[in-house]
């Protein structure tokens with residue numbers, strides 16, 4: 001039995017991609033994203049030499065009432081200094097037909113991944129925090145079930 005557990009741990013460690021610094025999703029309470037809810041991701045960069053791609057991941061349902069989503073991101077270093085920030089938008093639905101974009105494993109749930117920054121160089125090795133805030137000018141965005149981030153070495 002111990003051999004199987006050890007083999008499982010070794011296999012899981014071998015499957016981890018060393019080029020990915022962060023890949024995490026956070027489920028949102030009540031299947032909605034409130035304007036005051038800042039989604040935070042802590043990460044450690046051990047190799048600041050290559051360029052990185054920083055992506056936002058969103059899981060939404062057909063309940064989401066708009067075609068587009070506006071997200072502001074902010075990246076801070078370990079002392080809270082802002083090293084990058086920007087407002088980014090993406091389409092979750094076709095603006096004219098209303099057809100949903102993204103991949104779906106369930107009938108009314110769609111997963112999206114879109115770039116926040118495509119060629120980012122961290123100023124040095126260390127700890128950082130990525131913050132995401134919805135910027136839709138409405139208090140609550142229904143139908144946003146989870147928000148995530150993926151940061152990896154640019155290919």
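Of note:
- Residues in segment 138-150 that are in contact with a helix residue (DSSP H, G or I) (Cβ under 9 Å, 6 or more places away or on another chain) and part of a loop (DSSP other than H, G, I, E, B): 1 in all.
- Scan segment 81-137 for residues that are surrounded by fewer than 17 Cβ atoms within 10 Å (Cβ to Cβ), within 19 Å of the chain's Cα centre (by Cα) and in a loop (DSSP other than H, G, I, E, B) and the total you get is 3.
- Contact map, segment 103-128: residues that are free of Cβ contacts under 8 Å to residues at least 12 places away in the same chain paired with residues that are part of a strand (DSSP E or B) and surrounded by 13 or more Cβ atoms within 10 Å (Cβ to Cβ), Cβ distance under 6 Å, separation 6+ or inter-chain. Pairs shown: 103/111; 104/110.
- Looking only at segment 138-154, and only at residues there that are more than 12 Å from the chain's Cα centre (by Cα) and buried (at least 17 other Cβ atoms within 10 Å of the Cβ), the one that is farthest from residue 37 (Cα to Cα): 143
- Flag for residue 87 being closer than 18 Å to residue 51 by Cβ and modelled with pLDDT of 95 or more: no
- Residue in segment 133-148 that is modelled with pLDDT of 95 or more and closer than 22 Å to residue 17 by Cα present: yes
The values are calculated or read from the model by the stated rules, or taken from the named source; none is laboratory data. Predicted, not measured: the structure shown is a model, and the values here were computed from it. Glycine also receives a Cβ, built like all others from the backbone with ideal geometry; neighbour counts cover every protein chain displayed.
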